[in-house]
Amino acid sequence: ALPILDIRDAEGRSIPCKAQFLGIDGTDSPDLGPTNRAHGCRDQYQSETGEFTVQVPPGDYRVIVTHGIEFTHLESVVHVGEGETVDVEGELHRIVDTTGWVSTDFHNHSTPSGDNTCGTDDRIINLAAENIEFAPTTEHNRMYDWQPHIDKLGLATQISTVPGLELTGSGAHFNAFPFTPHPHEQDGGAPEWQQDPRLNAIVLRDFQGAMPERWVQLNHPNMSADFIDRDADGRADGGFWGLHQLIDAAETWGLGILADAPIYVQTGRDGLEHVRHRREVIWLQMLNRGHRYWCVAVSDAHSVHGNGVGGWRTYVPSSTDAPAEIDWKEIVENAKAGRMMISNGPFLEVETVDGAISGGATRVNKAARLRVKVQTTDWVDIDRVQVLVNGRKREDVNFTRASHPDMFADGVVTFDQEIEVPLSEDSHLIVVAFGEGHDLRTGYGSSSQSGMNPCAYTNPIYVDVDGGGFTPNGDSLGYPLPVGGMSVAEAKELLGTE
(Lines give C-alpha, C1' and ligand atoms only; values in the text may rest on other atoms or scores of the structure.)
Protein backbone atom coordinates (compact mmCIF):
# COMPACT_ATOMS: atom_id res chain seq x y z
CA ALA A 1 0.00 0.00 0.00
CA LEU A 2 1.73 3.15 -1.22
CA PRO A 3 0.63 6.76 -0.77
CA ILE A 4 2.48 8.76 -3.44
CA LEU A 5 2.95 12.39 -2.44
CA ASP A 6 3.43 15.36 -4.73
CA ILE A 7 3.64 18.54 -2.62
CA ARG A 8 4.45 21.91 -4.14
CA ASP A 9 4.55 25.57 -3.25
CA ALA A 10 2.34 28.30 -4.70
CA GLU A 11 4.63 28.60 -7.74
CA GLY A 12 4.37 24.89 -8.47
CA ARG A 13 7.85 24.03 -7.24
CA SER A 14 8.52 20.87 -5.26
CA ILE A 15 8.98 21.78 -1.60
CA PRO A 16 10.60 20.02 1.40
CA CYS A 17 7.94 18.92 3.84
CA LYS A 18 6.85 16.68 6.69
CA ALA A 19 3.97 14.23 6.33
CA GLN A 20 2.08 12.62 9.20
CA PHE A 21 0.17 9.37 8.64
CA LEU A 22 -2.44 9.04 11.36
CA GLY A 23 -4.53 5.90 11.49
CA ILE A 24 -8.30 6.45 11.77
CA ASP A 25 -11.48 4.34 11.93
CA GLY A 26 -9.75 1.38 13.54
CA THR A 27 -6.49 1.63 11.59
CA ASP A 28 -3.36 1.93 13.72
CA SER A 29 -0.87 4.65 12.94
CA PRO A 30 2.12 3.07 11.20
CA ASP A 31 5.63 2.77 12.58
CA LEU A 32 7.69 3.98 9.63
CA GLY A 33 11.06 3.83 11.37
CA PRO A 34 13.22 5.05 14.27
CA THR A 35 13.01 8.54 15.73
CA ASN A 36 16.45 9.53 14.39
CA ARG A 37 15.58 9.04 10.70
CA ALA A 38 14.01 11.62 8.39
CA HIS A 39 12.70 9.12 5.82
CA GLY A 40 10.35 7.44 8.24
CA CYS A 41 10.26 8.33 11.93
CA ARG A 42 7.37 6.78 13.86
CA ASP A 43 4.22 7.90 12.02
CA GLN A 44 5.96 10.76 10.18
CA TYR A 45 8.08 11.11 7.08
CA GLN A 46 10.28 14.13 6.34
CA SER A 47 11.49 14.72 2.81
CA GLU A 48 13.98 17.00 1.07
CA THR A 49 11.50 17.27 -1.81
CA GLY A 50 7.74 17.17 -2.10
CA GLU A 51 7.85 14.08 -4.29
CA PHE A 52 8.15 10.80 -2.38
CA THR A 53 6.46 7.50 -1.69
CA VAL A 54 5.68 6.00 1.70
CA GLN A 55 4.67 2.39 2.29
CA VAL A 56 1.96 1.85 4.93
CA PRO A 57 -0.25 -1.09 5.91
CA PRO A 58 -3.69 -1.17 4.27
CA GLY A 59 -6.24 0.98 6.06
CA ASP A 60 -7.65 4.46 6.56
CA TYR A 61 -5.41 7.41 7.29
CA ARG A 62 -5.52 11.12 7.90
CA VAL A 63 -2.50 12.60 6.12
CA ILE A 64 -1.23 15.99 7.34
CA VAL A 65 1.54 17.75 5.43
CA THR A 66 3.40 20.84 6.70
CA HIS A 67 6.42 23.01 5.92
CA GLY A 68 6.98 24.89 9.13
CA ILE A 69 5.08 27.68 10.86
CA GLU A 70 4.91 30.17 7.98
CA PHE A 71 3.05 27.91 5.53
CA THR A 72 -0.44 26.47 5.29
CA HIS A 73 -0.98 22.78 5.90
CA LEU A 74 -2.67 20.07 3.85
CA GLU A 75 -5.01 17.58 5.45
CA SER A 76 -6.74 14.72 3.66
CA VAL A 77 -8.34 11.37 4.48
CA VAL A 78 -7.32 8.43 2.31
CA HIS A 79 -8.14 4.74 2.09
CA VAL A 80 -5.22 2.59 1.03
CA GLY A 81 -6.09 -0.93 -0.09
CA GLU A 82 -3.69 -3.84 -0.15
CA GLY A 83 -1.35 -3.49 -3.10
CA GLU A 84 -2.87 -0.15 -4.07
CA THR A 85 -1.31 3.25 -4.59
CA VAL A 86 -3.01 6.47 -3.60
CA ASP A 87 -2.02 9.94 -4.78
CA VAL A 88 -1.74 12.71 -2.18
CA GLU A 89 -1.04 16.04 -3.79
CA GLY A 90 -1.49 19.74 -3.14
CA GLU A 91 0.13 23.08 -2.49
CA LEU A 92 1.56 24.60 0.66
CA HIS A 93 1.28 28.40 0.61
CA ARG A 94 3.38 30.84 2.58
CA ILE A 95 0.74 32.98 4.27
CA VAL A 96 2.74 34.46 7.15
CA ASP A 97 4.67 37.45 5.80
CA THR A 98 8.16 37.36 7.33
CA THR A 99 9.77 39.66 4.77
CA GLY A 100 13.01 41.05 6.17
CA TRP A 101 13.41 38.26 8.75
CA VAL A 102 14.84 34.74 8.51
CA SER A 103 14.19 31.75 10.74
CA THR A 104 17.29 30.42 12.48
CA ASP A 105 18.35 27.62 14.79
CA PHE A 106 21.76 28.20 16.34
CA HIS A 107 22.00 24.80 18.11
CA ASN A 108 21.37 21.25 16.91
CA HIS A 109 23.25 18.02 16.26
CA SER A 110 23.80 14.91 14.19
CA THR A 111 26.00 11.81 14.40
CA PRO A 112 29.40 13.62 14.42
CA SER A 113 28.44 14.96 17.86
CA GLY A 114 28.99 11.45 19.23
CA ASP A 115 25.97 11.38 21.55
CA ASN A 116 23.27 10.58 18.98
CA THR A 117 22.70 8.54 15.85
CA CYS A 118 20.78 11.05 13.78
CA GLY A 119 22.52 11.09 10.42
CA THR A 120 23.71 14.46 9.17
CA ASP A 121 21.57 14.18 6.04
CA ASP A 122 18.58 13.42 8.28
CA ARG A 123 19.26 16.56 10.30
CA ILE A 124 19.51 18.69 7.16
CA ILE A 125 16.25 17.25 5.82
CA ASN A 126 14.62 17.91 9.20
CA LEU A 127 15.77 21.54 9.09
CA ALA A 128 14.53 22.03 5.54
CA ALA A 129 11.19 20.30 6.14
CA GLU A 130 10.49 22.64 9.08
CA ASN A 131 11.67 25.70 7.11
CA ILE A 132 14.70 26.69 9.18
CA GLU A 133 16.61 29.01 6.85
CA PHE A 134 19.92 29.53 8.69
CA ALA A 135 21.48 26.87 10.92
CA PRO A 136 25.17 27.00 11.89
CA THR A 137 26.91 23.64 12.17
CA THR A 138 27.22 23.03 15.92
CA GLU A 139 28.38 19.48 16.60
CA HIS A 140 29.72 18.60 20.05
CA ASN A 141 33.44 19.34 20.43
CA ARG A 142 34.09 18.99 16.72
CA MET A 143 34.61 21.50 13.94
CA TYR A 144 32.39 20.42 11.09
CA ASP A 145 30.62 21.87 8.06
CA TRP A 146 27.16 20.80 6.87
CA GLN A 147 27.44 22.62 3.54
CA PRO A 148 28.53 19.54 1.51
CA HIS A 149 25.49 17.66 2.84
CA ILE A 150 23.20 20.56 1.96
CA ASP A 151 24.61 20.68 -1.57
CA LYS A 152 24.33 16.90 -2.03
CA LEU A 153 20.67 16.97 -0.98
CA GLY A 154 19.91 19.83 -3.37
CA LEU A 155 18.83 22.10 -0.52
CA ALA A 156 21.14 25.09 -1.05
CA THR A 157 18.14 27.26 -1.93
CA GLN A 158 16.36 26.20 1.28
CA ILE A 159 18.94 26.51 4.02
CA SER A 160 22.26 28.20 4.76
CA THR A 161 24.96 27.19 7.25
CA VAL A 162 28.37 28.23 8.52
CA PRO A 163 30.89 25.98 10.35
CA GLY A 164 30.93 26.21 14.15
CA LEU A 165 30.76 23.95 17.20
CA GLU A 166 29.31 23.34 20.63
CA LEU A 167 32.07 23.24 23.25
CA THR A 168 30.90 20.90 25.99
CA GLY A 169 31.99 19.28 29.24
CA SER A 170 30.72 18.64 32.75
CA GLY A 171 29.69 22.28 33.24
CA ALA A 172 28.53 25.14 31.06
CA HIS A 173 28.24 24.51 27.31
CA PHE A 174 28.82 27.09 24.57
CA ASN A 175 27.98 27.44 20.91
CA ALA A 176 30.15 29.58 18.70
CA PHE A 177 30.61 30.27 15.00
CA PRO A 178 32.18 30.67 12.53
CA PHE A 179 35.33 28.56 12.57
CA THR A 180 37.37 26.79 9.92
CA PRO A 181 37.32 22.99 10.30
CA HIS A 182 40.59 21.11 9.84
CA PRO A 183 39.42 17.59 8.93
CA HIS A 184 42.81 15.90 9.52
CA GLU A 185 43.23 17.29 13.03
CA GLN A 186 41.76 15.91 16.25
CA ASP A 187 38.08 16.98 16.51
CA GLY A 188 38.52 19.02 13.34
CA GLY A 189 40.84 21.36 15.19
CA ALA A 190 38.41 22.22 18.02
CA PRO A 191 39.69 23.67 21.32
CA GLU A 192 39.40 21.79 24.62
CA TRP A 193 36.64 22.55 27.12
CA GLN A 194 37.61 24.05 30.50
CA GLN A 195 35.73 24.02 33.80
CA ASP A 196 35.55 27.80 34.25
CA PRO A 197 32.95 29.02 31.72
CA ARG A 198 34.63 32.41 31.44
CA LEU A 199 37.75 30.77 30.01
CA ASN A 200 35.69 28.93 27.40
CA ALA A 201 33.96 32.14 26.34
CA ILE A 202 37.31 33.93 25.98
CA VAL A 203 38.91 31.04 24.07
CA LEU A 204 35.99 30.79 21.65
CA ARG A 205 36.03 34.54 21.05
CA ASP A 206 39.72 34.47 20.07
CA PHE A 207 40.20 30.95 18.66
CA GLN A 208 41.67 30.83 15.14
CA GLY A 209 42.24 34.55 15.48
CA ALA A 210 40.17 37.17 17.24
CA MET A 211 37.00 37.96 15.34
CA PRO A 212 34.61 40.64 16.58
CA GLU A 213 31.85 39.11 14.44
CA ARG A 214 32.08 35.70 16.11
CA TRP A 215 28.93 34.60 17.90
CA VAL A 216 29.26 33.08 21.41
CA GLN A 217 26.20 31.88 23.31
CA LEU A 218 25.67 30.09 26.62
CA ASN A 219 23.66 26.92 26.10
CA HIS A 220 20.86 25.62 28.37
CA PRO A 221 22.44 27.55 31.26
CA ASN A 222 22.28 26.73 34.92
CA MET A 223 21.28 30.29 35.71
CA SER A 224 21.87 29.86 39.43
CA ALA A 225 25.38 28.40 39.18
CA ASP A 226 26.45 30.63 36.30
CA PHE A 227 25.20 33.97 37.65
CA ILE A 228 24.06 33.64 41.27
CA ASP A 229 25.53 30.83 43.40
CA ARG A 230 28.66 29.37 41.84
CA ASP A 231 29.33 26.62 44.42
CA ALA A 232 25.65 25.85 45.19
CA ASP A 233 26.16 26.36 48.92
CA GLY A 234 22.92 28.28 49.30
CA ARG A 235 24.59 31.71 49.47
CA ALA A 236 24.57 34.17 46.59
CA ASP A 237 28.14 34.87 45.48
CA GLY A 238 27.60 36.33 42.01
CA GLY A 239 28.26 33.05 40.20
CA PHE A 240 31.11 33.21 37.71
CA TRP A 241 31.43 36.97 37.93
CA GLY A 242 31.97 38.65 34.58
CA LEU A 243 30.53 35.77 32.52
CA HIS A 244 27.54 37.88 31.54
CA GLN A 245 29.87 40.33 29.81
CA LEU A 246 31.59 37.60 27.75
CA ILE A 247 28.56 36.12 25.98
CA ASP A 248 26.21 37.41 23.31
CA ALA A 249 23.15 35.43 24.34
CA ALA A 250 21.85 32.62 26.50
CA GLU A 251 19.25 29.95 25.82
CA THR A 252 16.64 31.34 28.21
CA TRP A 253 13.60 30.55 26.04
CA GLY A 254 10.53 28.70 27.19
CA LEU A 255 6.82 28.71 27.91
CA GLY A 256 7.52 29.85 31.48
CA ILE A 257 8.09 33.45 30.38
CA LEU A 258 4.69 34.30 31.89
CA ALA A 259 5.21 32.31 35.09
CA ASP A 260 5.33 34.07 38.44
CA ALA A 261 8.25 32.37 40.20
CA PRO A 262 11.83 31.51 39.19
CA ILE A 263 11.47 28.04 40.75
CA TYR A 264 8.91 25.24 40.79
CA VAL A 265 8.61 21.73 42.22
CA GLN A 266 8.31 18.84 39.79
CA THR A 267 7.95 15.09 40.22
CA GLY A 268 10.75 13.40 38.30
CA ARG A 269 10.92 10.04 36.57
CA ASP A 270 12.21 8.63 39.85
CA GLY A 271 8.89 9.46 41.46
CA LEU A 272 10.49 12.02 43.76
CA GLU A 273 9.91 15.75 43.92
CA HIS A 274 12.71 18.04 42.74
CA VAL A 275 13.30 21.79 42.74
CA ARG A 276 13.57 23.14 39.19
CA HIS A 277 14.60 26.56 37.90
CA ARG A 278 12.78 28.58 35.26
CA ARG A 279 15.54 30.10 33.17
CA GLU A 280 13.10 32.56 31.59
CA VAL A 281 12.08 34.12 34.90
CA ILE A 282 15.63 34.17 36.27
CA TRP A 283 16.68 35.94 33.05
CA LEU A 284 14.06 38.61 33.77
CA GLN A 285 15.44 38.97 37.31
CA MET A 286 18.97 39.31 35.94
CA LEU A 287 17.89 41.91 33.36
CA ASN A 288 16.67 43.97 36.30
CA ARG A 289 20.16 43.68 37.78
CA GLY A 290 21.78 45.06 34.64
CA HIS A 291 22.64 41.92 32.67
CA ARG A 292 22.55 42.58 28.92
CA TYR A 293 22.83 39.20 27.17
CA TRP A 294 19.98 38.35 24.83
CA CYS A 295 17.56 35.45 24.74
CA VAL A 296 17.98 32.98 21.90
CA ALA A 297 15.66 30.02 21.18
CA VAL A 298 16.96 26.77 19.70
CA SER A 299 15.98 23.14 19.30
CA ASP A 300 19.19 21.49 20.59
CA ALA A 301 17.93 18.63 18.43
CA HIS A 302 19.53 15.20 18.68
CA SER A 303 16.79 13.29 16.87
CA VAL A 304 14.15 13.94 14.19
CA HIS A 305 10.93 12.84 15.89
CA GLY A 306 10.46 14.07 19.46
CA ASN A 307 13.69 15.97 20.05
CA GLY A 308 13.76 17.30 16.52
CA VAL A 309 14.02 20.66 14.82
CA GLY A 310 10.95 22.80 14.26
CA GLY A 311 9.61 23.80 17.65
CA TRP A 312 11.44 26.80 19.05
CA ARG A 313 13.37 29.00 16.64
CA THR A 314 14.79 32.53 16.50
CA TYR A 315 13.88 35.12 13.88
CA VAL A 316 16.62 37.60 12.93
CA PRO A 317 16.44 40.51 10.46
CA SER A 318 18.08 39.93 7.09
CA SER A 319 18.42 42.05 3.97
CA THR A 320 17.60 38.97 1.91
CA ASP A 321 14.82 36.42 2.28
CA ALA A 322 16.65 33.92 0.07
CA PRO A 323 18.50 31.35 2.23
CA ALA A 324 21.28 30.89 -0.34
CA GLU A 325 22.08 34.60 -0.13
CA ILE A 326 22.10 34.94 3.67
CA ASP A 327 25.19 36.74 4.99
CA TRP A 328 26.18 35.20 8.33
CA LYS A 329 27.94 38.44 9.31
CA GLU A 330 24.68 40.36 8.94
CA ILE A 331 22.82 37.73 10.96
CA VAL A 332 25.40 37.92 13.75
CA GLU A 333 25.46 41.71 13.71
CA ASN A 334 21.70 41.83 14.20
CA ALA A 335 21.72 39.04 16.78
CA LYS A 336 24.47 40.74 18.81
CA ALA A 337 22.30 43.87 18.85
CA GLY A 338 19.39 41.87 20.27
CA ARG A 339 17.30 42.20 17.13
CA MET A 340 15.77 38.76 17.68
CA MET A 341 12.28 37.41 18.20
CA ILE A 342 11.82 33.86 19.47
CA SER A 343 8.87 31.66 18.61
CA ASN A 344 7.43 28.19 18.37
CA GLY A 345 4.56 29.30 16.13
CA PRO A 346 3.39 32.94 16.09
CA PHE A 347 5.26 35.57 14.10
CA LEU A 348 5.47 38.62 16.36
CA GLU A 349 6.53 42.09 15.23
CA VAL A 350 7.00 44.90 17.76
CA GLU A 351 8.36 48.39 17.33
CA THR A 352 8.06 51.70 19.12
CA VAL A 353 6.47 54.59 17.28
CA ASP A 354 9.98 55.97 16.66
CA GLY A 355 11.14 52.68 15.13
CA ALA A 356 13.00 50.84 17.94
CA ILE A 357 12.68 47.03 17.81
CA SER A 358 14.01 44.23 20.02
CA GLY A 359 17.39 45.15 21.47
CA GLY A 360 16.84 48.83 20.75
CA ALA A 361 16.39 51.85 22.97
CA THR A 362 14.14 54.86 23.06
CA ARG A 363 13.44 57.94 25.17
CA VAL A 364 9.93 58.81 26.37
CA ASN A 365 8.38 61.06 29.00
CA LYS A 366 5.35 59.30 30.48
CA ALA A 367 4.48 56.42 28.17
CA ALA A 368 5.87 54.24 25.42
CA ARG A 369 3.75 53.44 22.40
CA LEU A 370 4.25 50.02 20.81
CA ARG A 371 3.00 48.80 17.47
CA VAL A 372 2.32 45.09 17.92
CA LYS A 373 1.41 42.71 15.10
CA VAL A 374 0.96 38.93 15.35
CA GLN A 375 0.56 36.58 12.41
CA THR A 376 -0.22 32.88 12.62
CA THR A 377 -0.55 30.17 10.03
CA ASP A 378 -3.73 28.09 9.71
CA TRP A 379 -2.74 25.58 12.41
CA VAL A 380 -1.48 28.07 15.02
CA ASP A 381 -3.48 30.57 17.08
CA ILE A 382 -3.01 32.93 20.04
CA ASP A 383 -5.41 34.45 22.54
CA ARG A 384 -3.20 36.67 24.69
CA VAL A 385 -0.75 39.53 24.21
CA GLN A 386 1.10 40.61 27.35
CA VAL A 387 3.64 43.39 27.75
CA LEU A 388 6.21 42.67 30.45
CA VAL A 389 7.40 45.90 32.09
CA ASN A 390 10.71 45.26 33.85
CA GLY A 391 9.67 41.61 33.88
CA ARG A 392 6.30 42.22 35.55
CA LYS A 393 2.97 41.18 34.05
CA ARG A 394 1.03 44.41 34.44
CA GLU A 395 -2.69 43.94 34.03
CA ASP A 396 -3.18 47.27 32.24
CA VAL A 397 -1.08 45.96 29.34
CA ASN A 398 -2.49 42.43 29.31
CA PHE A 399 -4.87 41.75 26.41
CA THR A 400 -6.85 38.54 25.84
CA ARG A 401 -9.57 37.48 23.45
CA ALA A 402 -11.89 37.24 26.45
CA SER A 403 -11.14 40.68 27.91
CA HIS A 404 -10.47 42.59 24.67
CA PRO A 405 -12.25 40.68 21.87
CA ASP A 406 -12.20 43.66 19.51
CA MET A 407 -8.38 43.68 19.51
CA PHE A 408 -8.12 40.13 18.14
CA ALA A 409 -9.08 38.78 14.74
CA ASP A 410 -9.41 35.48 12.94
CA GLY A 411 -7.22 34.63 9.99
CA VAL A 412 -3.52 35.23 9.47
CA VAL A 413 -3.25 38.58 11.24
CA THR A 414 -4.58 37.73 14.69
CA PHE A 415 -3.52 40.95 16.43
CA ASP A 416 -2.55 44.35 15.02
CA GLN A 417 -2.72 47.17 17.53
CA GLU A 418 -0.90 50.19 18.91
CA ILE A 419 -0.46 49.82 22.67
CA GLU A 420 0.27 52.60 25.13
CA VAL A 421 2.46 51.55 28.07
CA PRO A 422 2.46 54.14 30.90
CA LEU A 423 5.87 54.30 32.62
CA SER A 424 7.09 55.93 35.80
CA GLU A 425 10.69 54.65 35.68
CA ASP A 426 13.26 53.40 33.20
CA SER A 427 11.89 50.13 31.88
CA HIS A 428 12.75 47.27 29.59
CA LEU A 429 9.74 46.06 27.63
CA ILE A 430 9.20 42.51 26.37
CA VAL A 431 6.06 41.62 24.41
CA VAL A 432 4.68 38.07 24.61
CA ALA A 433 2.12 36.51 22.26
CA PHE A 434 0.61 33.35 23.77
CA GLY A 435 -2.01 30.76 22.95
CA GLU A 436 -3.36 29.79 26.36
CA GLY A 437 -6.19 27.73 24.87
CA HIS A 438 -4.24 26.27 21.98
CA ASP A 439 -1.50 23.76 21.16
CA LEU A 440 0.65 22.74 18.17
CA ARG A 441 -0.82 19.28 17.68
CA THR A 442 -1.82 19.74 14.05
CA GLY A 443 1.74 20.50 13.00
CA TYR A 444 3.62 18.05 15.22
CA GLY A 445 1.19 15.19 15.93
CA SER A 446 2.84 12.42 17.94
CA SER A 447 6.06 14.43 18.33
CA SER A 448 6.54 16.08 21.72
CA GLN A 449 6.39 19.64 20.36
CA SER A 450 2.65 19.17 19.82
CA GLY A 451 1.82 19.74 23.49
CA MET A 452 3.30 23.23 23.61
CA ASN A 453 1.21 26.37 23.75
CA PRO A 454 1.93 28.68 20.82
CA CYS A 455 4.30 31.32 22.13
CA ALA A 456 6.51 34.11 20.84
CA TYR A 457 8.32 36.92 22.59
CA THR A 458 10.76 39.67 21.85
CA ASN A 459 14.05 40.58 23.39
CA PRO A 460 13.90 43.75 25.52
CA ILE A 461 13.43 47.26 24.25
CA TYR A 462 15.08 49.66 26.72
CA VAL A 463 13.14 52.81 27.55
CA ASP A 464 14.78 55.82 29.21
CA VAL A 465 12.15 57.79 31.12
CA ASP A 466 14.16 60.36 33.09
CA GLY A 467 16.61 61.36 30.34
CA GLY A 468 19.65 60.16 32.27
CA GLY A 469 20.22 56.96 30.32
CA PHE A 470 18.76 53.56 31.18
CA THR A 471 19.14 52.42 34.82
CA PRO A 472 17.97 48.92 35.84
CA ASN A 473 15.63 48.94 38.83
CA GLY A 474 16.99 45.84 40.63
CA ASP A 475 13.52 44.31 41.07
CA SER A 476 13.73 40.56 41.81
CA LEU A 477 10.03 40.15 40.91
CA GLY A 478 8.90 39.16 44.38
CA TYR A 479 11.28 36.24 44.85
CA PRO A 480 14.93 36.00 45.88
CA LEU A 481 17.44 35.04 43.23
CA PRO A 482 17.45 31.22 43.35
CA VAL A 483 20.54 29.77 44.97
CA GLY A 484 21.73 26.18 44.79
CA GLY A 485 20.94 23.45 47.26
CA MET A 486 17.35 24.53 47.95
CA SER A 487 15.29 21.71 49.41
CA VAL A 488 11.79 20.81 48.24
CA ALA A 489 10.41 21.91 51.60
CA GLU A 490 12.16 25.29 51.32
CA ALA A 491 10.88 25.74 47.78
CA LYS A 492 7.30 24.93 48.77
CA GLU A 493 7.49 27.36 51.66
CA LEU A 494 8.79 30.06 49.35
CA LEU A 495 6.06 29.33 46.81
CA GLY A 496 3.38 29.09 49.50
CA THR A 497 2.34 25.60 48.38
CA GLU A 498 3.01 23.61 51.55
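The values are calculated or read from the model by the stated rules, or taken from the named source; none is laboratory data. Because the structure is a prediction, the values reported are computed rather than measured. Cβ: placed from backbone, ideal geometry, glycine included. Neighbour counts: every protein chain shown. Just so you know, the surface numbers come from the protein's heavy atoms only, side chains and all, with ligands and any DNA or RNA stripped out. Shrake-Rupley method; radii C 1.70, N 1.55, O 1.52, S 1.80 Å.
Some observations on this one:
- Single residue of the stretch 215-241 satisfying the filter (in contact with a Lys or Arg (Cβ under 6 Å, 6 or more places away or on another chain) and part of a loop (DSSP other than H, G, I, E, B)) that is farthest from LYS329 (Cα to Cα): ASP237
- Among the residues of the stretch 110-150, the ones that are assigned to a helix (DSSP H, G or I) and either more than 20 Å from THR320 (Cα to Cα) or open to solvent by less than 10 Å² (accessible area, probe 1.4 Å) (or both) come to 16 in all.
- Of all residues in the stretch 161-179, those satisfying the criterion of being part of a strand (DSSP E or B) and either among the small types (Gly, Ala, Ser) or open to solvent by 10 Å² or more (accessible area, probe 1.4 Å) (or both) are PRO163, GLY164, HIS173, ALA176.
- Condition check for GLU75 on (1) outside any loop (DSSP other than H, G, I, E, B); (2) open to solvent by less than 30 Å² (accessible area, probe 1.4 Å); (3) closer than 30 Å to TRP253 by Cβ: one failure, at (2).
- Long-range neighbours under 9 Å by Cβ, at least six apart or interchain, first residue modelled with pLDDT under 95 within the stretch 299-317, second open to solvent by less than 10 Å² (accessible area, probe 1.4 Å) and basic (Lys, Arg): GLY310/LYS18
- Matching residues in the stretch 151-160 - criterion: being polar (S, T, N, Q) and open to solvent by less than 20 Å² (accessible area, probe 1.4 Å): SER160
- Identification of strands (runs of 3 or more DSSP E) wholly contained in the stretch 344-455 with 3 or more residues that are crowded, with 18+ Cβ neighbours inside 10 Å yields 347-352, 367-375, 384-389, 413-422, 427-434.
- With respect to being at pLDDT 95 or above, open to solvent by 10 Å² or more (accessible area, probe 1.4 Å) and in a strand (DSSP E or B), GLU330 falls outside the description.
Table: residues versus (1) among the aromatic types (Phe, Trp, Tyr); (2) on the phi > 0 side of the Ramachandran plot; (3) surrounded by fewer than 21 Cβ atoms within 10 Å (Cβ to Cβ).
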| site | (1), (2), (3) |
| --- | --- |
| ALA249 | no, no, no |
| PRO262 | no, no, no |
| VAL265 | no, no, yes |
| LEU272 | no, no, yes |
| TRP294 | yes, no, no |
| MET341 | no, no, no |
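- Hits in the stretch 23-48 - residues which are in contact (Cβ under 8 Å) with a residue 40 or more places away in the chain, open to solvent by 20 Å² or more (accessible area, probe 1.4 Å), farther than 15 Å from SER303 by Cβ and in contact with a Pro (Cβ under 9 Å, 6 or more places away or on another chain): GLU48
- Hey, ASP6 over 29 Å from the mean Cα position of the chain (by Cα) and either hydroxyl-bearing (Ser, Thr, Tyr) or in a loop (DSSP other than H, G, I, E, B) (or both) or not: no
- Within the stretch 101-113, being farther than 19 Å from ALA297 by Cα and touching a residue at least 12 places away in the same chain (Cβ under 8 Å) holds for PRO112, SER113.
- One residue alone among PHE227, PHE207 is more than 29 Å from ALA129 (Cβ to Cβ), in contact with a Phe, Trp or Tyr (Cβ under 8 Å, 6 or more places away or on another chain), aromatic (Phe, Trp, Tyr) and open to solvent by 20 Å² or more (accessible area, probe 1.4 Å), and that residue is PHE207.
- When the stretch 210-224 is filtered for residues that are buried (at least 23 other Cβ atoms within 10 Å of the Cβ) and either polar (S, T, N, Q) or free of Cβ contacts under 8 Å to residues at least 40 places away in the same chain (or both), the ones remaining, listed by number, are GLN217, SER224.
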